[in-house]
Structures are given as structure tokens and as C-alpha cells.
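Encoded as C-alpha cells, the structure appears first; notes follow it.
The values are calculated or read from the model by the stated rules, or taken from the named source; none is laboratory data. In this text, all values refer to a predicted model and were calculated from it rather than measured experimentally. Backbone-built Cβ (ideal geometry, glycine too); neighbour counts: all protein chains shown. Just the protein is used for accessible areas: all its heavy atoms, side chains included, with ligands, DNA and RNA removed. Shrake-Rupley method; radii C 1.70, N 1.55, O 1.52, S 1.80 Å.
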Amino acid sequence: MLKAVKEKLRSRMGKDVVWTFAIQLTIMVCSFVINKLLANRLSIDDFGQYNVIKRSVQVLSFVMLAGVGIALPRYIPLYRNSTPPRTIAPLLSASMIYIIGVSLVVFLIGLLFSDHIQPLIIGGATDESGGMLLLALVYAFALAMAQVVYAYFRGMGDFKWYNGTQLSIQLAIILPLVFLPVLTVYGVFQSWLAITALLVALFMITKWKEESGKWKLPHAPHSSLHTPHFRESFREIVTYSSGRLVADFFQFSLAAFPLVYISNVCGLESTAWFSVGITFVTMITPLYSFMGIILLPYVSKAIARHEMAAANRLIHRLLLLYMASALFFIAVLCLFTEFLTTLLFASDYVVATQLTRIMVLAILPQAVYMLYRNTIDAVSVIPYNAIILGICIVAMVAGFMLFSTLTQFAWAYLAVSTLQGILSLITWQAVKKKA
């Protein structure tokens, strides 16, 4: 058995898993550092507003990404492993045009209906509300472009670049939190926008040179946006991504809705308390998404090569590993809630201990969902994840509207996460038979 494990670790996929796990763990530590710095340098109200804007920006960025973050890791391996192999240049061109088009629509809606959208995005009126809304929109687009870069490397199977680009941005955005003499919510996002835009542009320029212009849009007379290859790629991207666009919107709405709702109903102080539990959950769950990062292109390749039996065995073993580790993390967080809250936030946030212990139970069902969401997307063009998440967001909205206390909201959050995990497990059992 030990020999088999060593052989797995020496394989290409084994090395990708080890490298991805190490870097994603480092990124998680960076998230701890960022939250610690912000919790200590911002007031409780400002920290609450920061969390509302952060979740809102994540929702906006994935709407602007338009599902391409899932489409590229699926179609790049399919293109490269088809017989004969297909060029991915039209696929990249189609993806960029699609993203820009969707982003322009989001900008237009955001600016035309700013009075209605502003409270949802920034969690209430401030002296900088107008500028904050525009900043949030621009920063969301920068994050969408960063996700395009990550998706490209993920699809190419280049996990050193995939993880390295994420880590470099995460490390860079810590710098203003340390060196800015005065820290404000507006200043935080303004500095993060400048850093993210600069690094994303640098990564894109680097790959322009290395990949002989694959990131460039085709232009006459050498190529045309009207070639059959481009039209076919654009149709595939739009067909596949449109359902994932809805899924991405629902996914990040599940994280953003509780904080936005509580900030408008209970105030920013209550939002800060509730955000402690959500932050603990969202710090741990990326450890489970790392395997999904590799599984999507892996399963896509397995489909192209008719090797689904091996993929199924791997996924079953990972389920057992995910559940065991999730229970371990839950036990640690529940036993040392007060200590970890003081360590990672500040002593003022210990009052949220009861809420946090309820909410961290959601790590188990969310880990199950993290495992299956990418495998489901690899097997089926039908956006089953959008259906699952749509059901969950409806359940969450209904639950929050029925209840009125933070403790009740925490139980509603856990119930929805449990529903999410169960539905993903049932869906995978159904769709894997069709692969």
C-alpha cells in the first residue's frame, strides 16, 4: 500500500496535488493574516462593511467571468486531447469577447440603477458611496481577469503557474495593510485594485511571449473572428458557460446574501459578528476546492480517453478523505473557538463564539459539494450545479426571512449548506452513469 501511495505521489497528478495543496494552504494562511490585520486596524463597523463589499465584489466578479472559469479548464483538455488535436486560440478569443460583453452589461446595470444596487453592494450609505460602487465594479472586473489567467493555466495542466499566480497576488495585497499609515475600507480596495490589475497585466504579457500570441484576439488577414473554428468555439463557450454563469452567481450569493441581509436588517456590528463564522468556513473550504481544481481537467481528459472507471475510483477515495478531514477541522474549530477568534481577529469578536460553533459545522457538507461540483461540470453540459445552488439560495432567502436572531440565521446557514452537499452527492450518482 505504501508503495502504491509513493507511485501516486511520483505521478504527474500526484505532484500537481502536492504542489496545489502546499500553495493553497499558504494562501489560506495569507487569508488569516489579511483578516487579522483588518480586524485590528478597522473599527467593528468598518470591518463589517469590508466583509459586505468583499462578498459583493466576489459575486460581481464571477458574474463578469460569465462561467468561463469553468469552461476553459473543461474545453482546453478536450481540445488538446481530441483526435486530431484542436488549436485553443479561437477558444481563448471567444472567451475574452464573451467576458467583455457580459462585463459591459454589468457595468451598465450597476451605473444606471446605482441608487437601488448601492445598498446591496456596500451595505449602506457612506460619504464615499458613489465612488465605492464604481470602485467595486472595477475591482470585480480585475478579479474576473485574474480568474481567466488562473483558468487558462488550470486547463493547460500547468499547476505551478496556476498556484504561483494566485499566491503572488495574495502576498502582494497584504503589503498595503501593513504599510498604509491610515487604513480605510475605500483605501483597502483601491490599493488592491491597483495591485491586482498590475499583476494580471504582467502575467498576460508574459504568456503572450511564451505562447506565441495565444492570448491575442485573431485579426485579419491572418485570422478572422468569423472563421468556422471561432464560431464553433464561441457557440461552445456560450452554451456551456451561460449555465455556469448562473451557478457562479448563486454560489457567491450564498456567501454574500447573509452579510448583505444582516447589514440592512440588523446593522454593521451584527454583520461583523456573523462574518467571523463565515470567514472560518471560507478559510477552510479552499483546501477542498484544490482537488476539484485538478479534477475538472483530469475528468475531462478521462472522458476524451474513455477512462472514467479510474476517475470514479479516485473520486470515491477522495470522498472518504474529505469527510474525515472535515470532521477533524470542525473538532479543532469547536474546541478552540475563542482562542482562534482572538488570534485571527481580535478579542472583541469572542462574543460571536456561539454563532461560529454552529456555522463551522457547514464545513462537512461544503467539502462534499467542493468535491462533486467540478466532476459534475466535467461530465455534463447541463448546468446541474446551477439548479442545486438555485434551490439553496431560495432556501436561504426563505430561512432568513422567517427568522430574526443571529443564532437562527446561523442554523439557517448550516441547513442550507447541508442541503447543498446532499444534492451534489445525489446529482453525481445520477450523472456519472452517463459519462
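Things to note:
- Accessible surface of Ser31 - all protein chains present, 1.4 Å probe, nearest 10 Å²: 30 Å²
- At R0 = 22 Å, FRET efficiency that the Cβ-Cβ distance of Leu320 and Ile422 yields, to 0.05: 0.80
- Spin-label model, Glu269/Glu232: points 7 Å from Cα along the beta carbon direction are separated by 6.3 nm.
- Our analysis of segment 59-153 gives Rg over Rh at 1.13, with the two radii drawn from alpha carbon positions and Rh computed by the Kirkwood formula.
- Integer Hz, Karplus 6.51/-1.76/1.60 couplings in order for segment 146-152, x for Gly and Pro: 5, 5, 4, 4, 4, 5, 4
- Restricting the chymotrypsin sites (Phe, Trp or Tyr not before Pro) of segment 354-435 to loop positions (DSSP other than H, G, I, E, B) with no more than 15 neighbouring Cβ atoms within 10 Å leaves Phe403.
- In order through segment 360-377: 3J(HN,Hα) via Karplus (6.51 cos²θ - 1.76 cosθ + 1.60), integer Hz, x for Gly, Pro: 5, 4, 5, 4, 4, x, 6, 5, 4, 4, 4, 5, 8, 4, 6, 5, 5, 5
- Flagged links, alpha-carbon separation over 31 Å, of Lys15/Lys54; Lys160/Lys433; Lys15/Lys433: Lys15/Lys54; Lys160/Lys433
- Packing, taken as the mean count of other beta carbons within 10 Å per residue, orders the peptides 329-336, 249-256, 185-192 from highest to lowest as 249-256, 185-192, 329-336.
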